[in-house]
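Chemist: The structure is given below, and queries will be raised subsequently.
The values are calculated or read from the model by the stated rules, or taken from the named source; none is laboratory data. Not measured: the values here are computed from a predicted model. Using ideal geometry, Cβ is built from the backbone for each residue, glycine included, and neighbour counts are taken over all protein chains shown. Ligands, DNA and RNA are excluded from the accessible area calculation, which covers all protein heavy atoms including side chains. Shrake-Rupley method; radii C 1.70, N 1.55, O 1.52, S 1.80 Å.
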Amino acid sequence: MASVTLTVNGRTVSADVDPRTLLVQLLREHLHLTGTHVGCDTSQCGACVVHVNGRAVKSCTLLAVQADGAKVVTIEGLAANGKLHPMQEAFRENHGLQCGFCTPGMIMTAVELVNRKGNNLDEHTIREELEGNLCRCTGYHNIVKAIAAGAKAMR
Amino acid sequence: MYKFAYHKAKNVKDAAALLKKAGDSKLLAGGQTLIPTLKLRLAGPAALVDIGGVKELSGIALKGKDLVIGAMTRHAEVATSKVVRKAIPALAALAETIGDPAVRNQGTIGGSIANNDPAADYPAACLGLGATIVTSKRKIPADKFFKGLFETALGDDEIITEVHFPVPKSAGYAKFPNPASRYALVGVFVSRNGSDVRVAVTGAGEGGVFRVAEMEKALQKDFSAKALDGIAVKPRGLNSDIHASAEYRAHLVGVMAKRAAASAA
Amino acid sequence: MSASSIGAPVRRTEDRRFITGRGQYTDDIRRPYQTHAYFLRSPHAHATIKGVDAKKASKMPGVLAIYTGEDIAKDKVGDLICGWMVLSKDGSQMKAGRHPALAQGKVRYVGDSVAVVIAETPDQAKDAASAIKVDYGVLPAVADAAKARDPGAPQIHENAPRNTIYEWALGDAAAVDAAFKRARHVTKLDFINNRLIPNAIEPRAAIGEYDQGTESFTLWTTSQNPHVARLVMSAFIGIAPEHKFRVIAPDVGGGFGSKIFIYPEETVCIWASKKVGRPVRWTAERNESFQADAHGRDHVTHAELAVDERGKILALKVKTTANIGAYMSTFSSAVPTFLYAPLLSGQYEIPAIYCEVDGVYTNTAPVDAYRGAGRPEACFVIERVVEVAAREIRMDPAEFRKRNFIKSFPYQTPVASLYDAGDYPGALDKALQLHDYRNFGKRKAESERNGKLRGIGLSSYIEACGVAPSSLAGMLGCGVGLWESAEIAVTPTGMVEVLTGCHSHGQGHETTFAQLVSAKLGIPMEHINVVHGDTDKVQFGMGTYGSRSGPVGMSAIVKAVDKVIAKGKKVAAHVLEAAEGDIEFKDGKFQVAGTDKSAEFGAIALQAYIAHKFPTAEIEPGLK
Ligand SMILES: Cc1cc2nc3c(=O)[nH]c(=O)nc-3n(C[C@H](O)[C@H](O)[C@H](O)COP(=O)(O)OP(=O)(O)OC[C@H]3O[C@@H](n4cnc5c(N)ncnc54)[C@H](O)[C@@H]3O)c2cc1C
Ligand code: FES
Ligand code: FES
């Protein structure tokens, strides 16, 4: 067993885990933060994207022990004091989701994208940046629209 | 994943010692190749030595005529580094095409090179720029480093510390990505550094990344896309799989080489 | 807050929980003392199981139990079933092979489950599974439907000689033959509609739980139709009596057909939960989704189209071999037959059509309904053959289509479907205009000059949605009716609960259905709650697939709302001291016609529950 201490959505948490525990397992199984999803075994779908020290990473491809000491933000930590984050709002406004399973990863990816590339995002950039997030329902069109709108609203 | 022990290395020396002590062990860098492999139970090392916290392994700097990139430097850092963009813009552009943003935020140059996936991008840059791979034990020229599919000159407890890229006069990279993973179906890196002209191909070769002498000769005379007209690589020795036949890859090598040369000229 | 009208753009009610990470998908649910199942799957397409040695594995850390097909047999767990009977041309019944939840004696596809390990953690279950030794006797295998009936092809199920499940036909063979004799031109085409894997982004999952105190079972599962799952699992598989068995399909991350069916994994989870005395959960890894979710399509087809000298279609002949896979999944028999052949007429007037479909076993994952299920396959056949015919007789493909479009309605096709209305030439003209079809040649020539290729494709499509009514379903051999249920329960404060037998897994029913009820009752959407996916709450339902929730599910809701309004009028008449016939319901108000006497919907609801002075022989208290 290995012990890890990290900040998740602003709260310090510690756990004793088998070293093979993935960050996503720590979040879902130990902390019951089930908004972060698992959709694949090959690090391709992006349903599990969270922020680690401000960077979007696939929590299914990071050991919990690798995140020791890190600041992690999950979809549950995005809305501040019950007020939706502008990107969350934009997904709802633009019908950027159907079944909702890919949505947390999409939103976390989108927020980091805006942090990196700014508030004015063209369609091409958004589509390129969504390379690591798969959605089976929507056909992406409204996701792209939502992200462009959310980016502006994050100003 | 099978069970393993986990060690966090403080520095390179520590990492080497841990590797040696643990026996059947593997270095863990960004984990973007190793963790999926472990998850699918395609490998089961007894121990992992995490070099994620080793500060001396990451960083980008211009040293003399070389651009030096630490092994733990993430793809995203290379892609956005002002230093890289100025010295070897093609290298920054290459890093930007690797996988997806989350993979780029985690994956490292050292891990990519050590892994030597036959479809990975960085090996093409190393060979195409005549880089030197510096390890905890020695310096290895790229021409001697890549040994075949997932094979390198690295010894068991040898750790890549830095990659030295000679800054070329010009360079270009073009890849035809696999639409699902963004790995190269075929990627070609070309560069010119005085009389040294290099053409390195990834994604295509049965034995991994390789150089194309005939193209290099043609580009030495005239460094332009046009100079490559009529030069074709043979399908023999190229990969055939569900994504593309050897013939198709051979064709793509020609097309990508021209695009790379055009972007470099 | 005001009432919504049908068609008004509203924001989805369900989104709030999804965008904040508060959805509740099956794998998000945690049960006290839960255990984890891992299925050991066959790496061989076809093999006998000579022995399973789980001695070492069962002693590994965390392992609670390991079960194989023998345990399933010992406990008399019934086989999985195919719920739609298809008869062959000669009237004989389809030949369904046995489908035990864990393989017995033989594995028939890569991914067939041989054993299940139940352990304290998923990793421990997987560790132990890799320590189980299975002694396989590898047999020759056949994966290609076209080769399944070759002489010498391996026999997959004993009761299905030549791997043939049925040889089904629809249409008039004699009329077709006669028409072909008159044909000026015959187009012949062979093609493959390739197999595909549905891959909903949420992998399938199940949690089985047994309550010793009440001797009842609860199953949480990624299902598009929980009631049908309960029915099949109690009536046929025999796991639990229906009234002691609750099936909950919570938030489901997409289905695309693949979550309609009753699979081995949930069957094993619910059965094993009683055996180990603790909840048993399983979530598929993506590679298991690839191996063991029901796949789609996989047809090998030969089609012939007879055309006369004026370019009019005379007849269509289709012969399809449908790959059913290694076992017959829940609705597998109907997809390449009843959901396929009746659409082969497409949008065209084809006087005679004859279609033969042979369903065959192969050593591949079971094939069942996937997006459109049978209907896109039919569209592909007719559109391909029409396109090729047009080219062969050198007629513009748009012109050829228009010439053969059905123009007067109602139109009875020779393959059972009756079309009530349509304007096919109008739609095509519009598309051609939008695309500037006339000048395509110019654009193509220009592209050629630039060293590029340019192409154009046309296709028309007709779809039979809604998969109903029950009478037709019954006539065609379906094991269940295809109606839908709805219940409207009004609370004393005038809030409305809509219980529907449809299931939402991305469709947005919670919004659409609420909007419908809001428009009908004149109350705000915020006062309406749509409940679905729980057999303990919703009386019954057929679930969601085949685009049926709108046409069938919402029709049921309308009927239920009408009943509530009718009852409301009774109550209003009593409260407003008027004759029932004089009460009108409009904009959320019950009003005495021609007067200004009225009462709000909520007020009447309250009165319905207070019921102090009700003539209870005429009006029962409550509003439902
Ligand atoms: C979805 C996805 C898409 C991808 N697409 C691409 C792509 O388009 N192009 C591409 O090139 N790559 C792609 N990759 C791979 C990615 O670039 C990896 O980051 C890279 O191959 C490995 O780097 P890492 O730091 O993650 O190494 P790790 O996974 O940590 O390690 C990989 C191997 O290298 C060894 N190793 C790591 N560091 C060192 C060192 N310093 N010295 C010696 N040995 C070391 C490890 O022991 C291990 O065997 C993709 C990966 C994923 C998951
Ligand atoms: S679950 Fe992490 S990328 Fe799919
Ligand atoms: S909304 Fe269902 S996968 Fe994206």
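Chemist: Being touching a helix residue (DSSP H, G or I) at 6+ places or on another chain (Cβ under 7 Å), outside any helix (DSSP H, G or I) and under 23 Å from residue C:16 (Cβ atoms): is that true of residue A:95 here?
Modeler: yes
Chemist: Same structure again: Of everything in the stretch A:51-82, what is over 27 Å from residue C:35 (Cα atoms), part of a loop (DSSP other than H, G, I, E, B) and more than 9 Å from chain C (Cβ to nearest Cβ)? Give them in sequence order.
Modeler: Listed by number, the residues that qualify are A:53, A:54, A:68, A:69, A:70, A:81, A:82.
Chemist: Let me ask something else about it. Residues that are in a loop (DSSP other than H, G, I, E, B), away from ligand 2 (no atom under 16 Å from the Cβ) and in contact with a helix residue (DSSP H, G or I) (Cβ under 7 Å, 6 or more places away or on another chain): does the stretch A:99-111 have at least one?
Modeler: Scanning the stretch A:99-111, I find no residue that is in a loop (DSSP other than H, G, I, E, B), away from ligand 2 (no atom under 16 Å from the Cβ) and in contact with a helix residue (DSSP H, G or I) (Cβ under 7 Å, 6 or more places away or on another chain), so the answer is no.
Chemist: Hey, another quick one. Looking at (1) under 12 Å from the mean Cα position of the chain (by Cα); (2) more than 16 Å from ligand 1 (Cβ to nearest atom), can you tell me which one residue A:55 breaks?
Modeler: (2)
Chemist: Also, quick follow-up: Residue C:393: among the β-branched types (Val, Ile, Thr) and more than 30 Å from residue C:339 (Cβ to Cβ), yes or no?
Modeler: yes
Chemist: Restrict the check to the stretch B:153-165 and report whether at least one residue is closer than 30 Å to residue B:22 by Cα and polar (S, T, N, Q).
Modeler: Yes, the conditions are met somewhere in the stretch B:153-165.
Chemist: Residues of the stretch B:22-41 being away from chain A (no Cβ under 11 Å) and either within 13 Å of ligand 1 (Cβ to nearest atom) or closer than 23 Å to residue A:70 by Cα (or both), which ones?
Modeler: B:22, B:24, B:25, B:26, B:27
Chemist: Also: Can you find a residue in the stretch A:102-111 that is touching a strand residue (DSSP E or B) at 6+ places or on another chain (Cβ under 6 Å) and outside the structural domain of residue A:147 (by TED's automatic domain parsing)?
Modeler: There is no residue in the stretch A:102-111 that is touching a strand residue (DSSP E or B) at 6+ places or on another chain (Cβ under 6 Å) and outside the structural domain of residue A:147 (by TED's automatic domain parsing).
Chemist: Just one of the numbered conditions (1) within 11 Å of chain C (Cβ to nearest Cβ); (2) under 20 Å from residue C:252 (Cβ atoms) is not true of residue A:48; which one?
Modeler: Among (1) within 11 Å of chain C (Cβ to nearest Cβ); (2) under 20 Å from residue C:252 (Cβ atoms), residue A:48 violates only (1).
Chemist: Being in contact (Cβ under 8 Å) with a residue 60 or more places away in the chain and within 14 Å of another protein chain (Cβ to nearest Cβ) narrows it down to one residue among C:20, C:48, C:26; which is it?
Modeler: The unique qualifying residue is C:26.
Chemist: For residue A:61, are the conditions met, namely being under 15 Å from the mean Cα position of the chain (by Cα), within 16 Å of ligand 1 (Cβ to nearest atom), at pLDDT 95 or above and not hydrophobic (A, V, I, L, M, F, W, C)?
Modeler: yes
Chemist: Checking the conditions here, which among C:496, C:490, C:480, C:530 is more than 14 Å from chain A (Cβ to nearest Cβ) and under 21 Å from residue C:83 (Cβ atoms)?
Modeler: Being more than 14 Å from chain A (Cβ to nearest Cβ) and under 21 Å from residue C:83 (Cβ atoms) holds for just one of C:496, C:490, C:480, C:530, which is C:480.
Chemist: Every residue in the stretch C:238-255 that is at pLDDT below 95 and either among the hydrophobic types (A, V, I, L, M, F, W, C) or within 27 Å of residue C:17 (Cβ to Cβ) (or both), please.
Modeler: If the condition is that a residue be at pLDDT below 95 and either among the hydrophobic types (A, V, I, L, M, F, W, C) or within 27 Å of residue C:17 (Cβ to Cβ) (or both), then C:239, C:240 are the ones that fit.
Residues checked against (1) in contact with a Leu (Cβ under 8 Å, 6 or more places away or on another chain); (2) under 22 Å from residue C:13 (Cβ atoms):
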position: C:497; (1), (2): no, yes
position: C:503; (1), (2): no, yes
position: C:545; (1), (2): no, no
position: C:556; (1), (2): no, yes
position: C:560; (1), (2): no, yes
position: C:564; (1), (2): yes, yes
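Chemist: Pick out the one residue from A:7, A:42 that is of a type in the set (Ser, Thr, Tyr) and open to solvent by 40 Å² or more (accessible area, probe 1.4 Å).
Modeler: Exactly one of A:7, A:42 is of a type in the set (Ser, Thr, Tyr) and open to solvent by 40 Å² or more (accessible area, probe 1.4 Å), namely A:42.
Chemist: Do we find a residue being touching a residue at least 60 places away in the same chain (Cβ under 8 Å) and more than 23 Å from the chain's Cα centre (by Cα) anywhere in the stretch C:474-486?
Modeler: Within the stretch C:474-486 (the criterion being touching a residue at least 60 places away in the same chain (Cβ under 8 Å) and more than 23 Å from the chain's Cα centre (by Cα)), the answer is no, since none of the residues qualifies.
Chemist: Taking only the stretch C:186-218 into account, find how many residues are β-branched (Val, Ile, Thr), surrounded by 24 or more Cβ atoms within 10 Å (Cβ to Cβ) and not in a strand (DSSP E or B).
Modeler: Number satisfying all stated conditions: 1.
Chemist: Given the structure, is residue C:428 free of Cβ contacts under 8 Å to residues at least 12 places away in the same chain, part of a helix (DSSP H, G or I), hydrophobic (A, V, I, L, M, F, W, C) and closer than 30 Å to residue C:256 by Cβ?
Modeler: No: the conditions fail for residue C:428.
Chemist: Among C:215, C:209, C:265, which is the only one that is under 24 Å from residue C:111 (Cα atoms), touching a helix residue (DSSP H, G or I) at 6+ places or on another chain (Cβ under 8 Å) and charged (D, E, K, R)?
Modeler: Just a single option satisfies the conditions, and that option is C:265.
Chemist: What residue, of A:37, A:51, A:32, is within 30 Å of residue C:291 (Cα to Cα), out of contact with any Leu (no Cβ under 8 Å at 6 or more places or on another chain), touching a residue at least 40 places away in the same chain (Cβ under 8 Å) and outside the structural domain of residue A:140 (by TED's automatic domain parsing)?
Modeler: The unique qualifying residue is A:37.
Chemist: State all residues of the stretch C:122-151 that are more than 26 Å from residue C:296 (Cα to Cα), touching a strand residue (DSSP E or B) at 6+ places or on another chain (Cβ under 9 Å) and open to solvent by 50 Å² or more (accessible area, probe 1.4 Å); if no residue qualifies, say none.
Modeler: Selection gives C:122, C:130, C:133, C:135, C:138.
Chemist: Just one of (1) open to solvent by 40 Å² or more (accessible area, probe 1.4 Å); (2) touching a Pro at 6+ places or on another chain (Cβ under 6 Å); (3) of a type in the set (Ser, Thr, Tyr) trips up residue B:25, so point out which.
Modeler: So the condition that residue B:25 fails would be (1).
The rows are residues; the columns are (1) at the interface with another protein chain (Cβ under 7 Å from one of its Cβ atoms); (2) at positive phi; (3) within 17 Å of the chain's Cα centre (by Cα); (4) touching a residue at least 12 places away in the same chain (Cβ under 8 Å).
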residue	(1), (2), (3), (4)
A:103	yes, no, yes, yes
A:110	no, no, yes, yes
A:114	no, no, yes, yes
A:131	yes, no, yes, no
A:139	no, yes, no, no
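Chemist: Now for a different question. Of all residues being polar (S, T, N, Q) and modelled with pLDDT of 95 or more in the stretch A:78-101, which is most open to solvent (accessible area, probe 1.4 Å)? Just the residue, please.
Modeler: A:98
Chemist: Check residue A:72 against each of (1) within 14 Å of the chain's Cα centre (by Cα); (2) more than 16 Å from ligand 3 (Cβ to nearest atom); (3) open to solvent by 10 Å² or more (accessible area, probe 1.4 Å) and name the one condition it does not meet.
Modeler: (3)
Chemist: Residue C:97 - would you say it is open to solvent by 30 Å² or more (accessible area, probe 1.4 Å), of a type in the set (Gly, Ala, Ser), outside any strand (DSSP E or B) and away from chain A (no Cβ under 14 Å)?
Modeler: no
Chemist: Oh, and also: Looking only at helices (runs of 4 or more DSSP H) that fall completely inside the stretch C:467-578, which ones have 2 or more residues that are surrounded by 17 or more Cβ atoms within 10 Å (Cβ to Cβ)?
Modeler: Fully inside the stretch C:467-578 and qualifying: C:509-521, C:555-575.
Chemist: Kindly establish whether residue C:286 is within 16 Å of ligand 3 (Cβ to nearest atom) and open to solvent by 10 Å² or more (accessible area, probe 1.4 Å).
Modeler: yes
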